[in-house]
């Protein structure tokens, strides 16, 4: 049992938005003695309610991860120019280029209301922090709070809000880097050093995340002061994961997709995934502009997933993706425990 009370195993199932973290995967993690977090990102409040109901058929021990809405200004002209730049890909696919969508609160108010009405033991945040009033509402409903941080300054800001713990995420994590400021280029500090620095600066319990592929790494992070370690990429091929078939196939094709890179090309925020034709062609000069860029490429990515075209899809994966193997979530999580 971690000091945070997040299951009996020191390895947790990280929330992976966009499909991989299904209710079945979350329930399987809890059944294995671990703990899982449902991703609320890109889900409506109604969809999140359905996901929660599905998990609660098996367990009430579940966390929910929320994307904090990002209303930071960005260069709209640069995003419009990027739309024109990627238009040939839409033309080749035979689908219309979408009009820019400049803002999106990801159904935040309704999701917060849902979690107040149907509280879960843990709520975590990515891309920033909620305001104090929202944090207080969730606490009064009975939830404990975790903030995703990528450096000591974000950790101190989170501590000032009174969160119960921190998810410390390094550059090796797959998918989006959870930086508070999307304009900032994230640091490349190794996870072990991030954990040590954040613990020293805040004294808060820490969950370490990013590029963990083996029990030896888990042991070292626990020795450095982490309460637990969260893994996402290692679960992409789990039996219970909702990873798209085209994504699964790409992860198993080291000759075609030999490595990962960080990129803004698909969403306007820095994220790590397999290098493919789209990222190679368009990342240089891709604008800051989440969620506008995300919505700009979303129809193309949906087409790519439906038409088995991995070179136009965001193939999120962490730096340690070559270590992943298929199997039951229970077995994968257990293999990572020291």
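Every number in this text was worked out from the coordinates using simple rules, so none of it is lab data. Source: prediction; values computed, not measured. Ideal geometry is used to build each Cβ from the backbone, glycine not excepted, and the neighbour counts take in all protein chains shown.
Spatial offset of the stretch 163-216 relative to the stretch 26-71 amounts to 21 Å, using the alpha carbon center of each. For the chain, what is the calculated [θ] at 222 nm in deg cm²/dmol (nearest 500), taking -39500 (n - 2.57) for each run of four or more DSSP H residues and dividing by its residue count? My calculation for the chain gives -11000 deg cm²/dmol from helical runs alone. Here r is the Cβ-Cβ distance between residue 102 and residue 280 and R0 is 25 Å; the resulting FRET efficiency, rounded to 0.05, is 0.35.
When both bridge partners sit in the stretch 171-288, DSSP labels roughly 65% of those beta bridges antiparallel.
Take the alpha carbon gyration tensor of the stretch 55-161, find the square roots of its eigenvalues, order them as a ≥ b ≥ c, and report rounded if a/c is under 1.5; if not, report prolate when a/b exceeds b/c, else oblate.
In terms of gyration-tensor shape, prolate.
Gaussian network model of the chain, Cα springs within a sub-10 Å range: biggest mean-square fluctuation belongs to which of 328, 27, 132? Highest fluctuation among the options: 132.
In this simple spin-label approximation, residue 91 and residue 256 carry label points 7 Å from Cα along the Cα→Cβ vector, and these lie 2.6 nm apart.
Given the options 250, 32, 81, which has the most mean-square fluctuation in a GNM of the chain, springs set between C-alpha atoms less than 10 angstrom apart? Result for the chain, Cα springs under 10 Å: 81 fluctuates most. Rounded to the nearest 10 degrees, the angle from helix 76-93 to the longest Cα principal axis of the chain is 70 degrees. Once both labels are positioned 7 Å from their Cα atoms along Cα-to-Cβ, the gap between residue 188 and residue 325 label points is 3.1 nm.
Which of the peptides 313-324, 63-74, 135-146 is most tightly packed, and how do the rest follow, judged by the mean count of other Cβ atoms within 10 Å per residue?
313-324, 63-74, 135-146
Taking the longest Cα principal axis of the chain as reference, the axis of helix 45-56 is set at about 40 degrees. Using the Cβ-Cβ distance between residue 248 and residue 84 with R0 set to 35 Å, the FRET efficiency works out to roughly 0.60. Helix 292-306 versus the longest principal axis of the chain: what angle, 0 to 90°, nearest 10, using Cα atoms? The angle comes out at about 80 degrees.
Using the Cβ-Cβ distance between residue 306 and residue 200 with R0 = 41 Å, the FRET efficiency computed as 1/(1 + (r/R0)^6) comes to roughly 0.30.
Of all beta bridges that DSSP places with both ends in the chain, some 20 percent have antiparallel geometry.
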